[in-house]
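In what follows, a single structure is set out as structure tokens and then discussed.
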Amino acid sequence: MQPEDDVKLLKAIAARDEAALAQLYDRYRVILFGLLMRILNNREEAEDVLQEVFLQVWRKAEDFDENRGRPFTWLVTLGRSRGIDRLRTLAARDRVAEAGAREAIEEISDAATDAFKSEQRGLVNKALAQLPDEQKRPLMLAYFDGLTQSEIATRLDAPLGTVKTRMRTGLMNLREQLAGKGESFGF
Amino acid sequence: MVHDDYKEMIPARALSALDAAEEQALNEHLENCAECRKDLEDWQATAAALSLTPDPAEPSPQVRERILSEVRKDLSSSTPEVIPFRSTPKRNIWSSFGSLGAIAAVVLLTALVIGLAVLWRQNQRFTRDREFVELVNTPGARVSELSGVDPGQVATAKLAYDRTGRAILMASKLPSVPQGKAYQLWFIAGNKPPMPGKTFVPDSAGNAVLKDELPREALDANVFAITVEPASGSTAPTSPIYLRSF
């Protein structure tokens, strides 16, 4: 997966190339769907949002500016944002979140999880594992649950200032852990 | 608040974790601070790494179908610039010419084109048709018809191929391509990236015959497509699909 290839794909999509959208979908569907399943914990909702995300990519690809970030970041930020939006609007959010067992996730084919993604995932998980729990939890609650710093403070029963510091420090530490690997990550 | 205060808020903004009032204040600052905007982009890239931590998951194949179905609907109702090399918009031809001379020129040109097409057909048709028919009659051979993505397109093509990968594409009514460009055939199998075929340029009448060898993996292709690419060919499509099998 090379960022420049993704840039070409996004340019082709902006030029209304259906095949390019299909290619981008094939490249990122398992990452994005995994992310949406983590956020929504509901297969039907996650698939619906995944569809929304790629239709938005189709309509908004021309908004992507390669000088302002990598395609991976753009796509994932878009996907996560739509996922959190859906989470917030789900009236039955608690029911969904507390449904208990996670929904079964289909086995991923080798073609869909190439070595690149597996390697990256390993690196990020390793970097996260090195963060103290007090820094990691605010990051996870913000990123996957869409909670604001105030909400996290309430959830963790911690002073707001402390949460702010831990969140910032946590993200800085994550960046340091991943430093130098960014190019190969594509973000 | 001063610049450094805003700067401290940016990591939380990258996680969209600021409270509404803080976010609004920071957004106003970002409008006038290029340094902070760049910072935000960097922090967003770091935050995006978190997306890799959940278990990858496979959506049902219907999601892909639904997305592409919506896209096709959008394309079929979209504006002319969507499709490259589309013929010029339809208009009242008689109002387009100012003189009988121009009309005569069109008549002559049309006659010339028809004459050339007839000659071409006489010379080429037997050979290419025979080869095509031979291929179609090979045991296990398949024929796939390609048509325009845009309903207004008149170009069509047929692709015959057998189990050994021998393939012949016959296309007609193709618009000419600009200098340095050519049509390129693609083989698409399931969710895999399109596999490139050979490039070709139609003759003056818009006809083209291409003999190609399908890669082994392309024998399972369920979609064949044609795009316009640089004459040297591309490894991945760089323009919208012009013709495709349905």
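Numbers for the structure displayed
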item	result
Hits in segment B:15-69 - residues which are more than 7 Å from chain A (Cβ to nearest Cβ), under 29 Å from residue A:45 (Cβ atoms) and aliphatic (A, V, I, L, M)	B:20, B:40
Unique residue being touching a Pro at 6+ places or on another chain (Cβ under 7 Å) and basic (Lys, Arg) when the list is A:27, A:59, A:43, A:38	A:38
Residue in segment A:146-166 that is within 30 Å of residue A:6 (Cα to Cα) and either of a type in the set (D, E, K, R) or at pLDDT 90 or above (or both) present	yes
Conditions (1) over 24 Å from residue B:225 (Cα atoms); (2) facing chain B (nearest Cβ under 7 Å); number of the one not met by residue A:82	(2)
Some residue of segment A:27-36 being more than 10 Å from every other protein chain (Cβ to nearest Cβ) and either acidic (Asp, Glu) or more than 16 Å from residue B:45 (Cβ to Cβ) (or both)	no
Qualifying residue in segment B:184-197 (condition: among the aliphatic types (A, V, I, L, M), closer than 29 Å to residue A:28 by Cα and over 15 Å from the mean Cα position of the chain (by Cα))	yes
Given (1) of a type in the set (Val, Ile, Thr); (2) more than 8 Å from every other protein chain (Cβ to nearest Cβ); (3) within 23 Å of residue B:60 (Cα to Cα), number of the condition residue A:7 does not satisfy	(3)
Residue B:150 being within 26 Å of residue B:61 (Cα to Cα), modelled with pLDDT under 75, surrounded by 13 or more Cβ atoms within 10 Å (Cβ to Cβ) and not hydrophobic (A, V, I, L, M, F, W, C)	yes
Residues of segment A:38-50 satisfying the condition of being within 15 Å of the chain's Cα centre (by Cα) and closer than 14 Å to residue B:63 by Cα	A:46, A:47, A:49, A:50
Criterion: without any contact (Cβ under 8 Å) to a residue 24 or more places away in the chain, assigned by TED's automatic domain parsing to the domain that holds residue B:228 and over 21 Å from the mean Cα position of the chain (by Cα) - qualifying residue of B:164, B:138	B:164
Where a residue in segment A:153-175 is in the same structural domain as residue A:136 (by TED's automatic domain parsing) and its partner, wherever it lies, is surrounded by fewer than 17 Cβ atoms within 10 Å (Cβ to Cβ), with Cβ under 7 Å and at least six apart	A:153/A:159; A:153/A:160; A:160/A:150; A:163/A:156; A:166/A:134; A:168/B:8
Meets criteria (modelled with pLDDT under 80 and more than 12 Å from chain B (Cβ to nearest Cβ)) for residue A:112	no
Filtered residues of segment A:58-78 (kept if in a helix (DSSP H, G or I), buried (at least 17 other Cβ atoms within 10 Å of the Cβ) and within 9 Å of chain B (Cβ to nearest Cβ))	A:58, A:72, A:73, A:74, A:75, A:76, A:77
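Each row is one residue, and each column tells you yes or no for (1) more than 14 Å from every other protein chain (Cβ to nearest Cβ); (2) in contact with a Lys or Arg (Cβ under 8 Å, 6 or more places away or on another chain).
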position	(1), (2)
B:140	yes, yes
B:155	yes, yes
B:159	yes, no
B:176	yes, no
B:209	yes, yes
B:212	yes, yes
B:222	no, no
B:229	no, yes
B:234	no, no
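The values are calculated or read from the model by the stated rules, or taken from the named source; none is laboratory data. For clarity, every value in this text was computed on a predicted model and none was experimentally measured. Virtual Cβ from ideal backbone geometry, glycine too; neighbours counted across all protein chains shown.
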